[in-house]
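Just below is one structure, and these are the notes that go with it.
The values are calculated or read from the model by the stated rules, or taken from the named source; none is laboratory data. Since this is a predicted model, take the numbers as computed values, not measurements. Virtual Cβ from ideal backbone geometry, glycine too; neighbours counted across all protein chains shown.
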Amino acid sequence: MPLPAKAFQRWLHGIAPDTSMADVCRLSKVKRTTLAQQLVRGKVAEATVVSISRAFGVNPVDSLAYFENYRDLAGPQIPPSPQELVSQIATVDLLRAVIARSTPAVEAGAEAEAEAGTPAGLETGAGQGTGPAGSAGPRRPGPLELSPAPHATSVKNWVDAIDDGELRHRVSAATGIAPQNYSAQLTANRLAPEVAIATSRAAGVGLTGGLVATGLITEEEANWEPGARQAALDRLTDGELTALAGERLQALGKMLRRQEQDQEQTEKIWENLG
Amino acid sequence: MIETLQWTTLIVCGAAALSRIPNLIHKKNRSLFYIFALLTVATLLSIKGPYAAIDGLLGNTNVANLLLRFIIFGTIYFLGIRIAKAFGDTYGLQLIRGRAGYVVLAAISAALIVLFALLDTEGSSAGMAAVSMKDERNATLVEYYGAAGRAYPAYVCLAILPAMLRGVRSSLPVMLRLGALLLAIGAAAITLSLLFPLIPQSLGSVEFIINYTAILCFVFGLTLIWLARLRAGRTVTAHPGRPSAGRG
């Protein structure tokens, strides 16, 4: 449920006491009509609070914590698990990592010493598996910069990453959302902020993970360490990385195939009835 | 109230037919124009005043009613085929255009003509109401005649109904799903019309409401699909080069 307008007014007064609504909208790039409508309805979207927070240099998570429904966001959060971090890496970036690991020659210049004598990428992976994360990070510099979260399937990948097999049932029980509606939201790469938090809670992970996956807040705002995703990626063994990339590709293929079928079907309908 | 519903339906059908004239000229999906035109004629023939006028020209023997039945058969036949093809429903298409479909159509048509011949059809009367009031025998025959007239549309609608329901639940664009929903409601209503004999006389207006609702649902459903196409056409020209598929 979005934030009550009354509480929103109080919060806004707290962070921008002398700013007119027009200025707030101008600075935060929230459309005036949108905000006005939300206020009239008495329900302000979380995204509005996030935009305004950013405009006034306040951490959006702290802002959300001001509101009753999001109280639990106050204070330190459990840091994201490696699986969560990896789930927020775009499929293309995972594939790049696969390619980079299997063609050591490309990076030979940067890590000639480390790679010397190793015939294939597999060796590299094994080395990383045993080494600590800190040492793995600097070994993959420059060209493999990860695109920022979220990505095209980040919501579903995130839930899959924290799902123990019963998560969907627990979320459904806790929020009253029918499992098929929940799945539909995941497939559409959407999740209402409160449902994202309910999901985190049901999975026992940090509460901000879902907010990052849905793109409401950035990794930085969620207090994820810079390079945390890269580090988690580097910690994957070649086997894990390849299997994960494979899964993602398969899911992507399925999704594209379905879109193509829908497109075909749509054209057929138009051809006959349009 | 029923009069209003009838004339509204007539206007809506006529407007739908008119809106397809550009497509008719461009030779694009011409059958849809004919379907709407036939629907308009069928609606016209089901309204008291126009019916009396047209039947008067045909000799006051309710031949117009028989004509109306066959216009409905033709409309529903072509409409069913179009819809089944559009939604990729080969099974439904088979049921309409396959052997079974033609056997059903032939049997029902024969029954309709025989029953009509057995009736004492003197005296124009929309819906043959006056004919059925002549005597017991005519009343029973009109009942059977009406049932035969509803049987074929119900058969076709039943054939396409599953595909419509699948369309509603699919992941197609929202407007197409809404269109499929309207078509499904129309098809369901026409199928329900098989149960008309069970409706008590006092609730006679229910039959009218079901019939015209069905026609309106079909027309609006098809129009929605057409509008979706027009809108998509515009969007495509507005964003050339935008990839339609999702990005990984």
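Quick rundown of the values:
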read-out	value
Set B:75, B:90: member being hydroxyl-bearing (Ser, Thr, Tyr) and surrounded by fewer than 21 Cβ atoms within 10 Å (Cβ to Cβ)	B:90
Some residue of region A:238-247 being facing another protein chain (nearest Cβ under 10 Å), small (Gly, Ala, Ser) and in a helix (DSSP H, G or I)	no
Subset of region B:1-47 that is of a type in the set (D, E, K, R) and assigned to a helix (DSSP H, G or I) - its residue that is surrounded by the fewest Cβ atoms within 10 Å (Cβ to Cβ)	B:3
Sole exception among (1) within 14 Å of chain B (Cβ to nearest Cβ); (2) surrounded by fewer than 21 Cβ atoms within 10 Å (Cβ to Cβ) for residue A:204, by number	(1)
Any chance residue A:225 is under 12 Å from the mean Cα position of the chain (by Cα) and not aliphatic (A, V, I, L, M)	no
Qualifying positions in region B:163-181 - in a helix (DSSP H, G or I), among the aliphatic types (A, V, I, L, M) and touching a Ser or Thr at 6+ places or on another chain (Cβ under 9 Å)	B:176, B:180
Residue B:202 being surrounded by fewer than 16 Cβ atoms within 10 Å (Cβ to Cβ) and not in a helix (DSSP H, G or I)	no
Wholly within region B:63-134, helices (runs of 4 or more DSSP H) carrying at least 1 residues that are small (Gly, Ala, Ser) and without any contact (Cβ under 8 Å) to a residue 40 or more places away in the chain	B:63-86, B:99-118, B:129-132
Residue count for region A:152-182, restricted to those that are closer than 23 Å to residue A:245 by Cβ, assigned to a helix (DSSP H, G or I) and either among the polar types (S, T, N, Q) or in contact with a Leu (Cβ under 6 Å, 6 or more places away or on another chain) (or both)	5
Where a residue in region B:190-210 is at pLDDT 80 or above and its partner, wherever it lies, is surrounded by 13 or more Cβ atoms within 10 Å (Cβ to Cβ) and among the aromatic types (Phe, Trp, Tyr), with Cβ under 9 Å and at least six apart	B:190/B:218; B:191/B:155; B:206/B:196; B:207/B:196; B:210/B:196
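Okay, residues lined up against (1) outside any loop (DSSP other than H, G, I, E, B); (2) in contact with a helix residue (DSSP H, G or I) (Cβ under 9 Å, 6 or more places away or on another chain); (3) within 24 Å of residue A:177 (Cβ to Cβ):
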position: A:24; (1), (2), (3): yes, yes, no
position: A:47; (1), (2), (3): yes, yes, yes
position: A:79; (1), (2), (3): no, yes, no
position: A:85; (1), (2), (3): yes, yes, no
position: A:95; (1), (2), (3): yes, yes, no
